[in-house]
Structures are given as C-alpha cells and as structure tokens.
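Quick notes on the structure that follows.
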Amino acid sequence: MIAQQNSPLHTAPETKNRQNGPRKARPLLDPPIVKRALRDAFIKMNPAVQARNPVMFVVWTGSLVTTLAFLQNLLEATKGWITPFSGQIALWLWFTVLFANFAEAIAEGRGKAQADELRKTRTTTMARRKTKNGLEDIAASLLRKGDVVVCETGDIIPSDGTVTEGIASVDESAITGESAPVIREAGGDRSAVTGGTKVISDRIVVEITANPGETFIDRMIGLVEGAARQKTPNEIALNILIAGLTLVFLFATVTLMPFGVYAVNQAGGGQAPGIVVLTALLVCLIPTTIGGLLSAIGIAGMDRVMQYNVLAMSGKAVEAAGDVDVLLLDKTGTITLGNRQAAEFIPLPGTDVMELADAAQLSSLADETPEGRSIVVLAKEQYGIRGRSLDEKTTEFVPFTAQTRMSGVDMPGMTIRKGAVQAVIDDVKQNGGSVPRALAEIADDISRKGGTPLAVAVNHAPLGIIYLKDVVKGGMKERFDHLRAMGIKTVMITGDNPLTAAAIAQEAGVDDFLAQAKPEDKMALIKKEQAEGRLVAMTGDGTNDAPALAQADVGVAMNTGTQAAKEAGNMVDLDSNPTKLIEIVEIGKQLLITRGALTTFSIANDVSKYFAIIPAMFSTLYVLKGQKHGPLWGLNLMHLHSPYSAVLAAVIFNALIIIALIPVALRGVPYRPQSASKILQRNLAIWGAGGLLMPFPCIWAIDWLLVLMHLAPAH
Amino acid sequence: MTTIGWMQIALFALLILVFTRPTGRFMHKVFEGERTWLTPFLGPLEQFIYKLSGVSPQEEMDWKIYSAAMLAFSVVTAAFTYIVLRLQQYLPLNPEHFGTKHAPAWAAAVTPDLGFNTAVSFTTNTNWQAYGGESTLSYFSQMAGLASHMFFSAACGMAVAIALVRGLTRRNAKSLGNFWADITRSTVYVLLPLSLVLALFYVDQGVIMNFLPYRTVHTVQGSVQIIPGGPVASMEAIKELGTNGGGFFNANSAHPFENPTPLCNFVEMLTIFLLGAGLVYTFGIYAGDTRQGWALFGTMAVLFFIGAAVAYTQEARGNPLFSQFGINQSSRSLGDLGGNMEGKEVRFGEAASTLFATITTDASCGAVNSMHDSYTPLGGLVPMANILTGEVIFGGVGAGLYGMLMYAILAVFIAGLMVGRTPEYLGKKIEAYEVKMAMLATLILTADVLVFTAAACVMHVPHAAYWNAPGGTSTSLVSANTNNSGPHGFSEILYAFDSTTGNNGSAFAGINVNTPFWNLALGISMLAGRFLMMIPLLAIAGSMAAKKKVPASAGTFPTCTPLFAGLLLSTVIIVGALAYFPAVSLGPIVENVLMHAGRTF
C-alpha cells in the first residue's frame, strides 16, 4: 500500500482492464464436448469405475441382473408381456447408468477443453540461461529451480520465476485471457512472472522458481482436468448419506421377497414380486438423481470458479468459500477504486489556487489515467478552467514512467511536472529550485487523512498539491448489504489512520474495519475470528500477506502478487481483482445449495415412485373374486394403465430426470443473496415440494405414452 | 366419536404443555448438579450412593468411557435379573411357589430362553413380556428383578440423551459428563420421588399393594376364580413414568388391579409423556435457546395429534363387517363406547383407549389398556407406525429426545445444504463422521425390523420340537406359532419386531412367542435396537462436543422456526417411514381394503 501511495499512477494499466464477469462462458452443451462425453459415458461403464460410486454401482448391478433375467425369458420363450417388460427395464437401467456417466463426463469435458487450451500455451521455446560464461540457449523444459534466464521484448517467459533485475510489460493473456499487458519488476510485490507469458517491452532477468512439471500452468492443467480432484469433505459426507440410504432401501426391497412369499402362502395364489420388479423398485428408491449427479456438481463448481478466472487449488477451498463468515477486504482496489480522484487543489502559501489548478489541468490534458482525467474535471468544475487544445507542434507531453514517477507537459517557456511528491521535490532540487517546507507539510497532512498528494511544479518551482481522494466503488454498498443478508461480515483492512478508515468504512457500508493494519494485525484478526468459530476469507498479493493467506480458510492470492503469496493462498485470481472474493463465496454457496437441492429432490421423489410401483408389484396378491387386480392396486393414485406400464414409467422417469437435471448440476441452482431462512423457504418449496409433486404428472404422462406406443399393456 | 372423547385428548395435550416447562427446568438443574428444593431431603442419599460406590461425580468422561460405563452397567444389571428370575424358587416372597414342585398347575416356568428374553427386555427399557406376570414370576422377581430395571433403564436412557445434548451444546470439549452421576441424579431426584407420590395416588385409586398369596374365590356364576395379589402400585408408577410398560399382570393396564379408574388411567397417560416432554425443554435450556426445544416439541405435537386423531376416528367408526349383522356400533347411541370395542375396557371408553395406544407407542412405553391386536387395520396402523418412525413423539424417557435429535441432524444435513453452507446444528458443523454414525443407527434399526420379520415369515427351523412350540411337529415358524393368518398374521410378526427393535414392548400378540426361536430373536432385536442406536449417538455426541461453535448469523440455517419443525416432520415421515411403506402395505393397508370388501382370514 505504501508503494502505491508513492506511485499512484502505477496501477493504472491493470485497473483499466479489470473485469468482474466470468470469461466468455462456454455454452452449456458445446458440441465437441458433448461428443467426447458421449464416448466417455460408455468408457465409464467399466465396473471398476462404477464401484467408486456406491449408488450407481447398485444400478449397474441391477442392470446386469435384469439383463440376465431378460435373456432367460428370451431363451425360455416366456409368453406374454414379461419378456418385453424385463427387456425394457434392463435397457432403461443401463440408460440410467449411462446418463449418470454422461453427466460426469460432460462436467469433466468442460475442464478438459479448458486444459487443452492451456496446453497450447505451454511453451517449448528456448530460453537464454545465464552461466558464468555468458548466455546459453537451453530448452525451456530443462530449466530447473534456481536457473537464471534473460527475457527481452518478444520473448516468451520459459517458466515460472521471480524478476531479479529490470522492469517489463508482460502479456499474460495466455493464462488470464486478458490482452492488456501488466508490469513486472524486480523487488516488491510485482516480481512474479508465469511461464508461457510474453514480454512485450523492455528486458528482465528472471530467476526460475519451478521445476519442470511443477509450473503454474502445469498445476492449472492438472486442476481443471480433474486429475488432481479429490472429494471434498461435504461431498464425502453426502456420499455416506446416500450410500446409507441405498443400503436401507436394499433391505426394504430384498425383504419384500419373503414378505411376498408369506402373502402368497396365505392368499393361496398370486405371485411374490420377482427379481426384475424388485430391482426396478430398488433403483427407483435409492437416490440415483443425486448419486448420478454428485460428482458432476463438484466438477462443475470448480469449472464455474475457473470461468471467473480464479484458479482454486482444491475443491475443498471452493466449498469452504460457501461457509465463509468473515471477509477481509483490502481497501485499495477492492472497496475503493485503485485510482483516486482529485478532490482539492491546495496551493502553497502565497500561490494563487487558480494558478495551481490551471497548471494541474494543463499537465493532465494528455493524461488518460482516471486520476489525470479527474484533475481536468475538477479544474473545470470548481474553477471554471476549460480544457483546451494545445498547439501540438510546440507542445510535448511527458508520459508517466515507473522511473521518473512524474508526468507533465513541455511548452514553449513552460515546463509543468506533476507526480509523487518526493519525485517532484527531487526534480525541483536537481534543477536548482528550492522547496518550501509547507509543501511537505501539506502532503503529510493529506497522507494522514488517507488521501494521496500529488505535487505540481511549473518551471521547476512547486505550486502546490493536488489532493487525490479515495473513491468508493459504485455498487459496493449494495454488495455489502447482500453479504450482510447472507450473514457474512465484511472487514475493511487499510493502512489508513482510524479516522479516515472510519469515514471510508461508513461510506462503503462495511461492517468493521482494521485501520493502520500491519501484516501481524491481519494475522491476529484472522486467528481471533477463527477461534470464535468463524471461517475467514481474504485476498492478498504481497509477500507479507503470505502468512495471513495461509492462515485464512479461503485465501485468494492475486496473480500479480508474489510467488510466496500465490503459494500460501488456496486460490489464485488470474485477473487480480480482489472484489471477486464475493463471487467466489457465491459460487461456493451455490455448489452446496445444488447438492442439497438435488438430494432433497431425490428423496422426495421416492413418494411418488412408491405409488407407481407398490400397487403394481403387489397387484396379484389377495385378489378378490371377479377382480383382475388385488386390493393394493387401489393405491395406484395416478391411474396408471397396468402394473407393467406403471413400473416401466417409474423407471423411465427415474432415468430421464438425471438427464433433465444435468443443466442444473452444471450451472448450479440459481442463487440470490438472501438470508438463510428465505433461501431455505424458497428451495424447500422448489426442490422439496416440487420433488414430491412433480413426478406424479410425469410418470402419468410416460405411462400414457408407453401404452400409446404399445410398449406396455393397457390393462 | 364424541365431544367428551375429543375433549379428553385436548385436555391431555394441554396438561402436557403445562407440565413441560417446570419438568424441563427441574431436570436441567438435576443433570447439572444444581441445587433444587429436593436437595435438602435427597442430597444425602445422592452423596451416600457416591460414597458407597466410590464415584466422584465431577469426573468427566469422554464418549467412549461414557458408553463403556453404560454398557457395563447394563450387562451387570441384566445378569442380575437373569439370575433372580432363574433362581426365584430359592428366593423370598414367592407365595405361589413358582419354580418349585409345589407350583400350581397353571404356572409357567422361567426357561433359559425366557429368562434371557425377559432380562434383556427390562434392561433395554422394552418390557416385552413373553410371560404372564401373575402366572410365572414371584413377587420378589417382579420387584427386584424387573421393577429395579424400570428405574435403571429409564435413568440410562435419560443419561444418554443428556450426554448427546451436552455433546451438541458444549464447545471444544472432550467429555460428556459422568454416567454414574447422571443415572444417580435422575433416579434420586426425578424417578424416585415422583414414583413414590404416584404409587400413593394409585393406591388411593384402588391399585393393589400387598404381598398376600393368591385367593381362590367362587363367583356368583358358580365358577372358580383365582385372584392374584402383589406389590402392584409401586411398579405401576415407574412403569409409565419411565416409559417401561411392563405390566405386573398379563393384561397390563387393562387389568383393574393395575388401572382401576378413568382418573387413574388419565394420570398413567400423563406420566408416560411427562419426562419425555420435559426433556425437550431441558434440551432447549442446554441449547441456550428454548425455542430450539419448542421446535422439536412442535414437530412431536403435530405427529401426536395425527396419530391420536386417526386412531380415535378409525376405532370409533367400528368394523363394517359387524354392521351386516345388525350390531349397533354407533357412538351416537352408545356414547364413547360406540365403534370397535373389542379388546377395549368399558371403564375407559374409545377415546381413552385409543389415546393410550397412541401415547404408549409415541413414547417407547408399551403399557397397554386395550389390545392393539383387536384394533381395526388402520387404527392398529397408528401404534405400528409410531414405533416404526422411531418413537420420537415425546418418546421414551431420553430415547425419544435422542431419536428426534438424530432426525434433526439428518434433516439439517439433507436440507441444510440448501442454504449454501456446510450444515450446522446448534452451531456445530455436521460432517462425514456424524452422518456416518446417524446412518449406521438408521441402517441397523431398519435391518433389525425387516430382516427378522422376513425370517419369521418364511423360515423353517431344524428341530421343531425345540425351536417351535414344545412337542410341536411343524417346522414352519409361521404355522407353528402364528394364530392369525392373512395380512393380520403378517402385521403381528412385523409388529413384534417393530416393538422390540423400538424398545416399546407392546404387542399385537397373536403369536406364541414363548419359544426358543422367538425369545432369542426378539431378545437380539431388543439389544440391537437399544445399544446399536445408543452407541453411534454417543459417538456423535463425542465428536460434536469437540467442535467449535459457529456463532449464528443471518446465513445460519434456522433450527428454531416453524419451517424447521415442518422440515423435521417431513424427515420423520419420509426418511423414517419410507423403508417400511412396502411392508406396511402388505399388513394393515391391504387388510383394511380386504375388510371393507368383506374378506376375512
């Protein structure tokens, strides 16, 4: 932060290109991905793969059992509907497995497509390594930790490293998808460079910090491809729940066979439910919807984070983001615009404020940074000085550079400079001018208030100071209100003094602030919140942020940050936009909501399936004289046509609902920032009550279609 | 159905509501070792017990030690009861000389399998009775062997519930309290004094309390009747208060010596719910927000009303088959004695009988004042379903609360994700371990009921004369032991394992259960239903206790709202009953349709 105060214009190129929305979203069903997923869905039929998912493994086994039953019926040439019925059940059970595989494959496919794009950027170019005898050419893939390479304009940086010498603009579009270059320089918090990015100006010396296969891009590929994917804690718990329910229903269905035998003995006729119907019932009861979509939800969640240009090192971190109770947000660049706006011209004693405003405006006419523009506007609005065009032949604009830390304009007989106070003082002194003490005093005063002073000098004589003030980003107050509604506390971290901090905090609408924060203070705050049971998320970029990033439950490192920061955090924001933490939290919440919604839906579905299958499977028991079906057929509330059509309809519904819910699994259940009780109410109505009621008309319609297509008997 | 009948149900509910707060508050004080108004009188007794047994009540136990203590206590007391029952012939207070050569011809023997079944039954708070009390057990056996367990097992249940509550509400803790102190305190301050007062009240109502030998009398009709005696009132009090349900007599609370008057009946019903309802409030106090307790109470109350209303309306409607014979069942002309009165006592009437049946199965009591077997199919479905869903409607002392808390944990886990956070209950995160343990308990209970029922439906035994009825030749379990056929016979088998797994103890009867197969199978299902539920729950308690407590915020899943109570209700119905729906449809549901169609078995 201190560095930024001294060179406020430095951050301009990045600021300009920040984006909040996701990168160009891939269409939900991208044809090449769908094609690959279709193929993968069949490959995943391998029982060794299926065994990893207990619910789907049961369905897989059921498919096999019903297929064998069908084959037996075929061989024995069993008459009636039983053969086509068992054949169709077997087919739809295989489809159920296939659909679940497809869901997972398509979620993975989206990651793989992303990985392929990244792989294209992986460089095989040569690097120039520094040795005792000068430079030597070496393949980038052979570079190891500690090697030192030189990169010049047009070079692709061969591997991850730290700039040890020089300053350069680097095009990082290969990893961020953002074409505007960023500045990387030796020392400070902007020294990290990533392999695969391109130097577009100047020359830097880079010390390599990653061995082959361990580079950032390598890790990124591994992550998006799902190779490094591990089940998250919540996913494991949910898996246990659905596996447990599967076992419960296994007992419930298997015991129906003896119960049926008892009834047959007592009724003196009828049939105990057979293996095909029992398998159908079992598959309909076990939570196949969530079982089939669970891994797709997880992969898609990671993918969504990725679409926001955030690289999560683990699914666990994304999940934790949903649980976050406290957000620590750095003031600059997050809550306030990284670039400040001119608020006041403060002339030195004895100088006319109009003169200062005029000079400030002149020097800023060609300055396209937001700060520069704000100076022009302030001069115009407060002092009536209109912007004017200068004679281009005689006027020379001096752009800002990282070295001079000043910009300005040279006109005949007039040289104007504005910039960091120290830089201007140095410039004035070098040119033999004198600097009144008041200049530094004003500057200090502004700094104390949390503002940024810019000195203005005409012909190497200082005129005064431009007071650049923090401007709270538009819409932040609403976002913090949303967060508050979600139960998340926001804490602003700033190096400002408490007075300024309080003013900005109030303006921005954060819940709390930590003023004059040193890295240790940040750490202490995180530990304190964690001790009280809260989960803390923060962003950071500097090396001194690294311990806090590691301590926080969700630590998002800026891609522009140092290597240490990136390694300490569990996510890296490739756009280096600290506000994105809010989106990450929402994605985490959405991930959990999607799981809960589909689980609730899956369990609620069972009720309707019971009313289709139970009447059908017991329809031959206790049949009264003169009646076709037994008394339990009376539970057929949907008035399904026949026992065969009823069971088939339930099984088909069960398979199709997986396909129907793939978009929900991939996109996530829509999330609105609201209080938990409102969200619960809404989702219970949609997924709970919906899950209870929705299958009734669907099963009814499928039954109707089956009979219409002569796939099942009408009576 | 009559207005007076509905008013009885309403009055009952109102009184429970009134008693909940004071009882809950008092129990909280007791379990926290705080001073109550009874301390001056009973404190010395508590201290004396600690001194005698060398227990230091402040010593905290982690969940494993707590479970071990609970198990050790149960094993030792069960063994004690087994010995008392098997050796009753050598023990005092045996005026009918049961177990000796001089025993009357109608007396039954305590065989090893019956001894096992009975010892397990009373240890597990089930009080399943494969014997008739007055024809099998001496006064000493009933008092020392059985009534003692009515205190012990109730205290055990409360201790486990409180341990779970402590686990849910303590933060960063390793321990759950001291098992010995918990059972001592609940016995000394809650069960003993209340039982004493209730026993005196029952004596006043006409419940007998003596050690007299049985009397043989000649009735006016000229037949001979044997009238038993016994220390009944003292056992009656704890029978309901501790949701035990084991009757001194075979007819249980239908027997005039156990439950002579409507007032006595009403008090018995109140005492079944008293401690279960109070504990829900105690939980609220522990949670630091009594609304947490009231949310559970709300769910329980709704389920209670559904059960009571269904049972009453179904029974009052009567049996349609009777109407064909011109039998008047109308409650319009018969008052509360209209409807299906088979197996019900006229001194209680329809409402007080069906209410008793609902309450005794809402809780894991199992005392009965009417014969559930004689209910109409859907009327009988109410007690069956109450037990199948885990007896969480106020429930057995302690058992109801911990059962409902397990449902709450599952409800929070399933639906809680929908608010976008790792599910939390009372600020504690519910993670893989808790889900694993809760599912384990669910799985064991489901398998316990279904697998045993399936076996009893179709199995044949190798030695019919031993495993089935003595001297019998049929190897089929069904044909040798089941007296009813058709769906009702199935209901009876299902109800038996339902009742033992749920540690209820009431029966549909109709089965000859005093055989080695049934005694053993039911005994095992009682053990599984009790301890394989308690231990996973204590494990949850242990793991929850160690967790941090996340402060509540607007993002927290609210567990003290009507919405949550509704969610919990659906969880109990859907998750709790889903696995049993097919089985139930083959029992009461098909029986109901067949009855209306006029088919009997």
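The values are calculated or read from the model by the stated rules, or taken from the named source; none is laboratory data. Only a predicted model underlies this, so the values are computations on that prediction, with no experimental measurement involved. Every residue, glycine among them, receives a Cβ derived from its backbone with ideal geometry; neighbour counts consider all protein chains shown. For accessibility, only protein heavy atoms count, side chains too; no ligands or nucleic acids. Shrake-Rupley method; radii C 1.70, N 1.55, O 1.52, S 1.80 Å.
Remarks
- Between the beta carbons of A:Glu381 and A:Glu520, assuming R0 = 51 Å, the FRET efficiency works out to 0.75 to the nearest 0.05.
- Nearest 10 degrees, 0 to 90: helix A:695-708 Cα axis against chain A principal axis: 50 degrees
- Distance from the range A:432-511 to the range B:545-583 (C-alpha centre basis), Å: 48 Å
- Rolled with a 1.4 Å probe across the full set of protein chains, the surface gives B:Val461 an accessible area near 10 Å².
- Its Cα centre serving as origin, chain A has a Cβ charge dipole (Lys and Arg +1, Asp and Glu -1) of approximately 2400 debye.
- Accessible-area ranking of B:His149, A:His482, B:His460, largest first, probe 1.4 Å: B:His460, A:His482, B:His149
- Over 30 Å (Cα to Cα) - which of A:Lys112/B:Lys549; B:Lys436/B:Lys548; A:Lys132/A:Lys429 fall in this group: A:Lys112/B:Lys549; A:Lys132/A:Lys429
- Selection from A:Phe42, B:Asn244, B:Phe601, by position along the positive dipole direction of the protein assembly as shown (Cβ): B:Phe601
- When only the Cβ of Lys, Arg, Asp and Glu is charged (+1, +1, -1, -1), the dipole of the range B:3-596 relative to its Cα centre reaches about 1420 debye.
- With all protein chains modelled, accessible area of A:Asp358 [1.4 Å, Å²]: 50 Å²
- Residues of the range A:296-334 with amide N under 19 Å of the 7 Å Cα→Cβ point at B:Arg171: A:323-327
- Site pair B:Tyr214 and B:His102 shows an inter-label distance of 1.5 nm when each label is modelled 7 Å from Cα along Cα→Cβ.
- Potential extension, A:Glu136-A:Ala77 segment - 0.36 nm per residue separation minus Cα distance: 13.3 nm
- Restraint check, A:Lys120/A:Lys198; A:Lys527/B:Lys547; A:Lys449/A:Lys477, Cα-Cα greater than 18 Å: A:Lys449/A:Lys477
- Per residue of A:476-485, other chain Cβ atoms within 10 Å of the residue Cβ number 1 on average.
- When A:Val377, A:Val424 are compared by accessible area at a 1.4 angstrom probe, the order from most to least is A:Val377, A:Val424.
- The range B:431-571 pair-distance distribution - Cα-Cα, 5 Å bins, rounded %: 2, 9, 14, 15, 15, 12, 8, 7, 6, 5, 3, 2, 1, 0
- FRET efficiency for the A:Glu344 to A:Ala531 pair, using the beta carbon distance and R₀ = 56 Å, is estimated at 0.80.
- Accessible area, probe 1.4 Å, largest first, for residues B:Trp63, B:Trp6, A:Trp687, A:Trp700: A:Trp700, B:Trp6, B:Trp63, A:Trp687
- With Cα atoms, 0 to 90° folded angle of helix A:54-75 axis to chain A main axis: 30 degrees
- Normalised by the number of residues in the range B:3-596, the mean separation of alpha-carbon contacts (under 8 Å, six or more apart) gives a relative contact order of 19 percent.
- The Cα center of the range B:440-516 and the Cα center of the range B:193-233 differ in position by 33 Å.
- Additional length obtainable on full extension of the chain from B:Ala10 to B:Val302, 0.36 nm per residue less Cα span: 103.8 nm
- The fraction of all Cα pairs in the protein assembly as shown landing in successive 10 Å bins from 0 to the largest distance is 2, 8, 14, 17, 16, 13, 10, 8, 6, 4, 2, 1, 0, 0, 0, given as whole percents.
- Between the range B:77-91 and the range B:361-393, the alpha-carbon center distance in angstrom: 31 Å
- 222 nm mean residue ellipticity, helices alone, for chain A (DSSP H n ≥ 4; -39,500 (n - 2.57); rounded to 500): -16000 deg cm²/dmol
- Heavy atoms of A:Tyr308: accessible area, 1.4 Å probe, square angstrom to 10: 50 Å²
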